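Contents: one structure, followed by commentary.
The values are calculated or read from the model by the stated rules, or taken from the named source; none is laboratory data. All values derive from a computational prediction rather than experimental measurement. A quick note on method: Cβ atoms are made from the backbone with ideal geometry, for glycine too, and the neighbour counts reach across all protein chains shown.
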Amino acid sequence: MKALSDLLSDDLIARLRQKTSRGDFPSIDFRTAMNFLLGDGVLPASGLPTSSFLRLEDWARDFARRNLSYSATELKNKTGLILAVVQAGKTVTINKHGRPVAEIRPLGRD
């Protein structure tokens, strides 16, 4: 299983900021959520509800599994790897300066 810190992407961080500001993870603010993810799931000694952190971890893993994104530089340097991911049936988003600019998806089988 991948470490939580390995799941972080610009897209995940932007979505996490939205979700924490809406209160989707009770009692967890953006900073606490980032510390939890960067600390690979080590619970802070804060007395906050464990269930909120478990929901956060499940959401982060699910988001990373469904949303693969790479920077334009990563596309240039890892084209073979990215094409292998697409060939495996995943859709990949390409970002430039942190903003999505393109999507690479598998072609349907005829």
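Return a yes/no flag: does the range 57-70 have any residue that is over 14 Å from the mean Cα position of the chain (by Cα) and within 20 Å of ASP6 (Cα to Cα).
Checked against the condition, which is being over 14 Å from the mean Cα position of the chain (by Cα) and within 20 Å of ASP6 (Cα to Cα), the range 57-70 yields no hits at all.
Starting from residues that are touching a helix residue (DSSP H, G or I) at 6+ places or on another chain (Cβ under 9 Å) and outside any helix (DSSP H, G or I), keep the ones in the range 50-87 and report whichever is modelled with the lowest pLDDT.
Once the filter is applied, the top-ranked residue is ASN67.
Could you run through the range 52-92 and say how many residues are more than 18 Å from ASP11 (Cβ to Cβ), polar (S, T, N, Q) and without any contact (Cβ under 8 Å) to a residue 24 or more places away in the chain?
Here the count works out to 3.
If ALA45 meets every condition in (1) surrounded by fewer than 16 Cβ atoms within 10 Å (Cβ to Cβ); (2) assigned to a strand (DSSP E or B); (3) not hydroxyl-bearing (Ser, Thr, Tyr) apart from one, which number is that one?
All conditions pass for ALA45, except number (2).
Enumerate the pairs (first residue in the range 1-21 and in a helix (DSSP H, G or I); second residue anywhere and at pLDDT below 85 and charged (D, E, K, R)) with beta-carbon separation below 8 Å, excluding pairs fewer than 6 apart on the same chain, so at least 6 apart or on different chains.
Between residues of the range 1-21 that are in a helix (DSSP H, G or I) and residues that are at pLDDT below 85 and charged (D, E, K, R), the close pairs are LEU4/ASP40; SER5/ASP40.
Which one of these does LEU43 not meet: (1) without any contact (Cβ under 8 Å) to a residue 24 or more places away in the chain; (2) among the aliphatic types (A, V, I, L, M); (3) within 16 Å of ARG15 (Cβ to Cβ)?
That leaves (3) as the condition not met.
Is at least one residue of the range 60-82 in contact with a Phe, Trp or Tyr (Cβ under 8 Å, 6 or more places away or on another chain) and not assigned by TED's automatic domain parsing to the domain that holds SER9? It would help to see each step written out before you state the result.
Looking only at the range 60-82, we keep the residues that are in contact with a Phe, Trp or Tyr (Cβ under 8 Å, 6 or more places away or on another chain), and these are 78, 82.
From what is left, the residues that are not assigned by TED's automatic domain parsing to the domain that holds SER9 are 78, 82.
Within the range 60-82, one or more residues are in contact with a Phe, Trp or Tyr (Cβ under 8 Å, 6 or more places away or on another chain) and not assigned by TED's automatic domain parsing to the domain that holds SER9.
Name the single residue that is surrounded by the most Cβ atoms within 10 Å (Cβ to Cβ) among those in the range 22-40 being of a type in the set (S, T, N, Q) and part of a helix (DSSP H, G or I).
Only one residue tops the list, namely THR32.
Quick one: in the range 89-110, of everything that is more than 19 Å from the chain's Cα centre (by Cα) and not charged (D, E, K, R), which residue is surrounded by the most Cβ atoms within 10 Å (Cβ to Cβ)?
Looking at residues that are more than 19 Å from the chain's Cα centre (by Cα) and not charged (D, E, K, R), I get PRO106.
Report, by residue number, each residue of the range 22-40 that is hydrophobic (A, V, I, L, M, F, W, C), without any contact (Cβ under 8 Å) to a residue 24 or more places away in the chain and farther than 21 Å from ARG99 by Cα. Before the answer, list the steps.
Kept after step one, since they are hydrophobic (A, V, I, L, M, F, W, C), are these residues of the range 22-40: 25, 28, 30, 33-34, 36-38.
If we keep only those that are without any contact (Cβ under 8 Å) to a residue 24 or more places away in the chain as well, we get 30, 33-34.
Correct list: ALA33 only.
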